[in-house]
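The values are calculated or read from the model by the stated rules, or taken from the named source; none is laboratory data. Because the structure is a prediction, the values reported are computed rather than measured. Neighbour counts are summed over all protein chains in view; Cβ atoms, including those assigned to glycine, are modelled from backbone coordinates with ideal geometry.
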Amino acid sequence: MEIYLVGGAVRDRLLGGDAKDRDWVVVGATPEQMTALGYRQVGKDFPVFLHPETREEYALARTERKTAPGYHGFEVHASPEVTLEEDLQRRDLTINALAEDSDGNIIDHCHGLEDLDNRILRHVSPAFAEDPVRILRVARFAARYAHLGFRVADETIVLMRNMVANGEVDALVAERIRQELEKALATPTPSVFFEVLRECGALAVIFPEVDQLFGVPQPAEHHPEIDAGVHTMMVLEQAAKLSENPMVRFAALTHDLGKGVTPADVLPKHHGHERAGLPLVKELCRRLKTPKAWLELAVVTAKFHTHVHRAQELKPKTILKTLEDLGAFRVEGRLEQFLICCEADARGRKGREDRDYPQAEIFRNAFQKVKEVSPRDVIAAFEAKTGKRPHGELTKNLIHQARIAAIR
């Protein structure tokens, strides 16, 4: 029995980082031998075991054979005869096909070290095309390591394009798309994820609402970058600078989906794009089965982001209604998440990346002033003035007016 550290743990250490998770491959062992040593089997499709002390995953070396379309269409073969090289050959990228033995020696059957040095994301073999999830993974790795200078190999992009053309991407299930999306949104450069998907043609299949933004013009005086798709990527990058929360970054990504359905005869203007985008946001969230909180933040961001841009022009009652409709008083942290998206939108424009955004402070101050209004004090003041205690709608109206006065 031989045990090797494999994949991301080796890759990240060689890149100078720390590996959060360590995966191991066991060569020359049977499931019975593993359980006899105290390992607990957890894999159903193939033998994966948890170490009795560290709880890290140890997988028996295996090969795979494509039997049907999609992510689950594989026949797995694990036996003591499967070699380390055979196991590494089934992996997606060369930089993920590195192994390390117990003496710290690097085993590199797929030229991963060379690609690591040259900052290239390259598929290991043509078998890459058998699993559509790998398109998402490559795009995610590109986003994760873009700041280190990594790019996707030209031949890998070609292979991914062929996969899209052959309909492999159509077999992707919502859960896997969402998992990869969440991980991609948490990377240092999330826009690269969508740019790679667009380059290989997968964006139009997986995220058509985002894809149709590209090529759509906007007024140059407000958007020097012109293109609505380019603007969306710039907004996403600004959101990544302002927040590490993937949910906030997702709301920034979807804030302008309505611009993708603006009638051609009114371009480059987009009057009413806020409401026009709501069905698209809801459909995208439904299709991906996103958490409810993601849907809610994305919807209010699409609907109200231009309200904040015009904060200096809004009447106090309009600011209050916006705060209420946002759920600012109901959901802790909602207002700040929403305002980050608005600020990212304002800065996600060519040449305006460092602009100030005082509008957000107007809404923060208004929110704070409204919270300081005491219903008890409002009622007491009415009683002192009239000698009567208010009830029902009158009480609601008095508190409402007090809140508006506080904002004013």
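Does any residue of segment 376-386 turn out to be in contact with a Pro (Cβ under 9 Å, 6 or more places away or on another chain), exposed (fewer than 13 other Cβ atoms within 10 Å of the Cβ) and of a type outside the set (G, A, S)?
Taking segment 376-386 and keeping what is in contact with a Pro (Cβ under 9 Å, 6 or more places away or on another chain), we get 378-379, 382-383.
Within this subset, residues satisfying the condition of being exposed (fewer than 13 other Cβ atoms within 10 Å of the Cβ) are 383.
Among the residues that remain, those that are also of a type outside the set (G, A, S) are: 383.
Checked against the condition, which is being in contact with a Pro (Cβ under 9 Å, 6 or more places away or on another chain), exposed (fewer than 13 other Cβ atoms within 10 Å of the Cβ) and of a type outside the set (G, A, S), segment 376-386 yields at least one hit.
Suppose we filter I106, I95 for residues that are modelled with pLDDT of 90 or more, buried (at least 18 other Cβ atoms within 10 Å of the Cβ) and not basic (K, R); which single one remains? Spell out how you get there, then give the answer.
Details: I106 fails: buried (at least 18 other Cβ atoms within 10 Å of the Cβ).
Exactly one of I106, I95 is modelled with pLDDT of 90 or more, buried (at least 18 other Cβ atoms within 10 Å of the Cβ) and not basic (K, R), namely I95.
Looking at (1) over 23 Å from E221 (Cα atoms); (2) in contact (Cβ under 8 Å) with a residue 60 or more places away in the chain, which is the one condition that is false for A293?
For A293, the exception is condition (2).
So is H123 in contact with a Ser or Thr (Cβ under 8 Å, 6 or more places away or on another chain) and surrounded by fewer than 17 Cβ atoms within 10 Å (Cβ to Cβ) or not? Steps first, answer last, please.
Details: in contact with a Ser or Thr (Cβ under 8 Å, 6 or more places away or on another chain): yes; surrounded by fewer than 17 Cβ atoms within 10 Å (Cβ to Cβ): no.
Answer is no for this residue.
Has segment 6-16 got at least one residue that is of a type outside the set (A, V, I, L, M, F, W, C), under 15 Å from I107 (Cβ atoms) and in a strand (DSSP E or B)? Spell out how you get there, then give the answer.
Just the residues of segment 6-16 that are of a type outside the set (A, V, I, L, M, F, W, C), to begin with: 7-8, 11-13, 16.
Narrowing further to those that are under 15 Å from I107 (Cβ atoms): 7, 11, 13.
Retained after the next criterion (residues that are in a strand (DSSP E or B)): none.
Within segment 6-16, none of the residues are of a type outside the set (A, V, I, L, M, F, W, C), under 15 Å from I107 (Cβ atoms) and in a strand (DSSP E or B).
In segment 49-160, which strands (runs of 3 or more DSSP E) lie fully inside it and hold 2 or more residues that are among the basic types (K, R)?
In segment 49-160, 62-66 are the strands (runs of 3 or more DSSP E) which contain 2 or more residues that are among the basic types (K, R).
Considering (1) assigned to a strand (DSSP E or B); (2) farther than 13 Å from A61 by Cα, say which one W24 fails and leave the rest.
Going through (1) assigned to a strand (DSSP E or B); (2) farther than 13 Å from A61 by Cα one by one, W24 breaks only (2).
Report every pair of residues separated by at least 6 positions or lying on different chains whose Cβ atoms are under 7 Å apart, first residue within segment 203-219 and among the small types (G, A, S), second surrounded by fewer than 18 Cβ atoms within 10 Å (Cβ to Cβ).
G215/D227
Restricting attention to helices (runs of 4 or more DSSP H) lying wholly within segment 272-357, give those where 3 or more residues are more than 18 Å from T254 (Cβ to Cβ).
Output list reads 316-326.
Please determine whether any residue of segment 231-239 is modelled with pLDDT of 95 or more, among the β-branched types (V, I, T) and farther than 25 Å from V152 by Cβ.
Step one: list which residues in segment 231-239 are modelled with pLDDT of 95 or more, which gives 231-239.
Add one more test, that the residue is among the β-branched types (V, I, T), and what stays is 232, 235.
Adding the requirement that they be farther than 25 Å from V152 by Cβ leaves none.
No, segment 231-239 contains no residue that is modelled with pLDDT of 95 or more, among the β-branched types (V, I, T) and farther than 25 Å from V152 by Cβ.
Anything in segment 291-316 that is surrounded by fewer than 19 Cβ atoms within 10 Å (Cβ to Cβ) and over 17 Å from G333 (Cα atoms)? List them, or say none.
The answer is T306, H309, R310, Q312, E313, K315, P316.
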